[in-house]
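S.K.: Encoded as structure tokens, here's the structure I'll be asking about.
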Amino acid sequence: MSEENEFRDLFEKTQVNMSIKKGDKVSGPVVAIDKKYVFVDLGGRQDGVLDRKDFLDEQGELTVQKGDVVEAYVAGSDADGILLRRQLGGRDVREVDQAVAEAFQSKIPVEGKVTAVRRKEEKLVGYTVQVGKSEAFCPASQMDARGIRREPEEYVGQTYPFRVTEYAEDGYRLVVSRRVVMEEQEEAARQRLLANLQEGAVLSGTVASLQPYGAFVDLGGLDGLVPGRELSWDRGVRPEDVVKVGDKVTVKVIGHEPGEGGRKPRITLSLKQASGATPWEKFVADPAFAVGTRHKGTVARLASFGAFIRLAPGVDGLAHVSQLGVDHRVGDPSEVLKEGQEVEVTILEIQEEGHRVSLCVGEPRVQGEKAAALSPAEAVEAAKAAAVGETLEGEVEKQAPYGLFVRLPNGQTGLLHISQLALEVGENALRERVMFRRHPLHSKIQVLVKEVNGDRVSLTTPEMAARETESMGKMEVRDAGNEKFGSLGDLFSGLKL
């Protein structure tokens, strides 16, 4: 063999599966089975090797075949490949003692069965766990995940994976922890989720907690916040009106800020946007809402120029002050209507481009009645009333060093200041360049209308708005004597608004 070939072979051997280390959990398909071993493809130049006996059932039948995907833990390596071991258990006492010692050194989980509850002076101290023929002790705090409270007797008879945290006196003193294994599995799931997390992704989760400013959803080891405005297309709803703790929900990722410098990652979610089509898209596609049709609606809010009437969740129409269904002249809509009142209306006009619906209360006064024209000032006020607080998809119309000009669905253009964009730490010196790269001209972007002042529209992003509301909910309130009242969220949670 030439010197060049020898060097190449030596180099390849040293590069084999360098990312895999002792104690790692790995998985892969079975590629071969012989009389002694099961070989698993780990994606590198060396296969994983498992003892064939690990896959025999009580009748001695093999329970795995070529192509099956198996999980195992790295126990070491030799010339034959990477040595793998499944969870320990069910062996004779000598093997178990040796295997437990190996598991302690390599941090491989062992399989154990909870056999008894241990108490001292009626106080719970832990559990007895059987690992093969060896007895181990699991402290009470290490039997389950942090914050989980169950009756101690519920664990008895259950089999779980445990980590050996203490191995002394040649195996006669064993201490194990289930919580460590659960936290490692949770962290692995969290890292997988973060690695694949993208804005626009639709995920499944469980409502973990409710706050006055929104709902936290567990995505599988990682929590995201659904701000109050993203829970429903209806305005003014409280989190408890929409979901409850434990509900299984489908959410859409609308914002994601990676955690850096010890900070937790921030994930902003939307429940209302996860359903696919927006309420407006459903509305205009539904023939039941054609021009000329009559519907029952609810007065959502009043303005000097008319009444906004809820026709469907997330869709309000405007009945001009001159078309409120009365014969006499009305100076202010509040003279004949009140918020929350149910009324019958007729659809007079639908402007798809501007997302506007014009109504009259009751029957039109004449056949083919047209919607009353708004004055320029009224049009501005109508746009303001309809848009503030709404989350919209806009298009980047212009870039500037201080922010982005975003065209909204109703034709208006708003300013999204650079301070309202979540840019990673460390990029401050290049913020403009990062902003331009992430949001090029004509790209789509999710924005929230923060303020309308005349023809000036100020925008923010859903994730920045969620951060502000979350911070407000956590602010402590103190009295004149510096005594704590709790957070704003605590105070508001008791109010019936």
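The values are calculated or read from the model by the stated rules, or taken from the named source; none is laboratory data. Given the structure is predicted, the values throughout are model-derived calculations rather than measurements. Here Cβ is always computed from backbone atoms with ideal geometry, including for glycine, and neighbour counts include all displayed protein chains. With ligands, DNA and RNA removed, areas are computed over all heavy atoms of the protein, side chains included. Shrake-Rupley method; radii C 1.70, N 1.55, O 1.52, S 1.80 Å.
S.K.: Are there chymotrypsin sites (Phe, Trp or Tyr not before Pro) in the stretch 140-238 that DSSP puts in a loop and that have at most 15 other Cβ atoms within 10 Å, and which ones? Walk me through the numbers on the way to the answer.
M.R.: Details: sites: Y155, F162, Y167, Y172, Y213, F216, W233; in loops: Y172, Y213, W233.
Of the chymotrypsin sites (Phe, Trp or Tyr not before Pro), the ones in loops of the stretch 140-238 whose Cβ has at most 15 other Cβ atoms within 10 Å are Y172.
S.K.: A follow-up question, please. Please work out how much length the chain gains when fully extended from V125 to K338, using 0.36 nm per residue of separation minus the C-alpha to C-alpha distance, in nm with one decimal. Intermediate values should be presented prior to the final figure.
M.R.: Values: separation 213, 0.36 × 213 = 76.68 nm, distance 6.25 nm.
Extra length available between V125 and K338 comes to 70.4 nm.
S.K.: Roughly to the nearest percent, how much of the accessible area of the stretch 188-316 is carbon and sulfur, given a 1.4 Å probe? Kindly include the intermediate steps, with their values, before the conclusion.
M.R.: Details: 3080 of 6010 Å².
Of the solvent-accessible surface of the stretch 188-316, carbon and sulfur hold 51 percent.
S.K.: By how many nm would the segment from Q367 to R437 grow when fully extended, if each residue of separation counts as 0.36 nm and the alpha-carbon distance is taken off? Walk me through the numbers before you get to the answer.
M.R.: Details: separation 70, 0.36 × 70 = 25.20 nm, distance 5.39 nm.
Fully extending the segment from Q367 to R437 adds 19.8 nm.
S.K.: Still on this structure: Roughly what would the spin-label model give for E199 and E58, points 7 Å off Cα along C-beta, in nm?
M.R.: Each label point is offset 7 Å from its Cα along the Cβ direction, giving 5.7 nm.
S.K.: A further question on this structure: For D51 and R149 in one chain, what is 0.36 nm times their gap in residues minus the Cα-Cα distance, to one decimal in nm? Display every interim value, and only then the final one.
M.R.: Working: separation 98, 0.36 × 98 = 35.28 nm, distance 3.84 nm.
The span from D51 to R149 would gain 31.4 nm if fully extended.
S.K.: Select from F305, A290, S275 the residue farthest towards the positive end of the dipole of the stretch 256-374; place +1 on Cβ of Lys and Arg, -1 on Cβ of Asp and Glu, and compute about the Cα centre.
M.R.: It is S275.
S.K.: Turning to a different aspect of this structure: Averaged per residue, what accessible area in Å² does the stretch 243-376 show with a 1.4 Å probe, protein chains only?
M.R.: With the other protein chains kept in place, the stretch 243-376 gives 53 Å² per residue.
S.K.: Determine, from the Cβ-Cβ distance of Q65 and T159 and an R0 of 22 Å, the FRET efficiency 1/(1 + (r/R0)^6), rounded to the nearest 0.05. Let's see the in-between values first.
M.R.: On the way: r = 25 Å, r/R0 = 1.14.
Once rounded, the FRET efficiency stands at 0.30.
S.K.: Then there is this: Can you pull the one-decimal nm distance between simple spin-label points at D218 and Q105, each 7 Å off the Cα toward Cβ?
M.R.: Spacing of the two 7 Å Cα→Cβ label points: 3.7 nm.
S.K.: Determine Rg/Rh for the stretch 317-363; Rg is computed over alpha-carbon atoms and Rh is the Kirkwood hydrodynamic estimate from the same atoms.
M.R.: On the way: Rg = 11.2 Å, Rh = 11.4 Å.
Here the Rg-to-Rh quotient is 0.98.
S.K.: Here is a follow-up. How far apart, in nanometres, would the label points at S322 and E186 be if each is projected 7 angstrom from Cα along the Cα-to-Cβ direction?
M.R.: Each label point is offset 7 Å from its Cα along the Cβ direction, giving 6.4 nm.
S.K.: Tell me, how many Å apart are the Cα centres for the stretch 112-183 and for the stretch 319-358?
M.R.: The two parts, judged by their Cα centres, are 68 Å apart.
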